Amino acid sequence: MQIENLAAEHFDKERRRRTYVSIFRRVFIFAMILGSFWIGLSEFANMEGLGKTLLTSAGIAGVVIGIAAQPILGNIIAGVQVAVTQPVRIGDSVIMDGNFSTVEDLRYTYAVLKTWDERRLIVPMRELITERVENWSHTEVHQTCPVFLYIDYGADIDAIRETFISMVKDNKLWDNKTEPEMYVVDVTENTIQLRGAVSSVGPIEAWTLACEIREQMLGYLHAQQNKYLPTERFTLTRSD
């Protein structure tokens, strides 16, 4: 049940179905193997002493293995919890430990996360339950990303805002629905902070759009309002 082209589907029901099937199929196979093993041992009960010895040994071994396999069993139980509650699903875009990733597969005891730079993170199932995971597509895949700019007090904010909106609407990654916007969100003794918002059909597209617009806006500021980029001011006085 690994995903290949799921990023292009954007169907909530499909991601939910794949998550259920991926985990419960493996849990079912695991339970069948354990059940078959136990039934096979119980057949020795008819051989009196041998059967009792094997069952006793199996019981002792089960306790020892159970203690040793506590982390594994914990991850299996966490996997079932993930399938039922679905904090993450196959195909979700998440940020975990600072890595922007796509949930590629959910297995018995671990999840496979594919990072934006094609690496694979192997994450124990328990961490998906106990650790904080930022899920960008939990309810819907549509995403909005911020673009921050820093300018000097003399800059023409209205012109910057108009240029920003125009650049976003001309970009093919814009979703053509949510209006781009830009506001002054902070003022310090040296700079003005502007926050723009761009939106796209998915998390990866929105992130890429934000990067492209940020780069274009830096080019515009350098070309058109270069003297109003953030600077440090010093006052020189002549000593008598």
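The values are calculated or read from the model by the stated rules, or taken from the named source; none is laboratory data. Because the structure is a prediction, the values reported are computed rather than measured. Quick reminder, even Gly has a Cβ in these numbers, built from the backbone with ideal geometry, and neighbours come from all protein chains shown.
General remarks:
- Residues satisfying the stated conditions in region 179-212, i.e. part of a loop (DSSP other than H, G, I, E, B) and buried (at least 16 other Cβ atoms within 10 Å of the Cβ): 180, 191, 201, 202
- Every condition in (1) assigned by TED's automatic domain parsing to the domain that holds residue 217; (2) outside any loop (DSSP other than H, G, I, E, B); (3) surrounded by 20 or more Cβ atoms within 10 Å (Cβ to Cβ) is met by residue 155 except one, and the failing one is (2).
- Failed condition for residue 234, given (1) out of contact with any Phe, Trp or Tyr (no Cβ under 9 Å at 6 or more places or on another chain); (2) modelled with pLDDT under 90; (3) under 30 Å from residue 101 (Cα atoms): (3)
- Among residues of region 140-181, those that are touching a residue at least 24 places away in the same chain (Cβ under 8 Å) and under 27 Å from the mean Cα position of the chain (by Cα), counted: 16
- When residue 215 is tested against the conditions (1) assigned to a strand (DSSP E or B); (2) under 29 Å from residue 116 (Cβ atoms), the lone failure is (1).
- Of all residues in region 117-152 being loosely packed, with under 14 Cβ neighbours inside 10 Å and not charged (D, E, K, R), the one that is nearest to residue 229 (Cα to Cα): 148
- Here residue 154 meets each of (1) in contact with a Lys or Arg (Cβ under 8 Å, 6 or more places away or on another chain); (2) over 28 Å from residue 186 (Cα atoms) with one exception, condition (2).
- In the set 130, 102, only one residue is farther than 24 Å from residue 204 by Cα and outside the structural domain of residue 189 (by TED's automatic domain parsing); that residue is 130.
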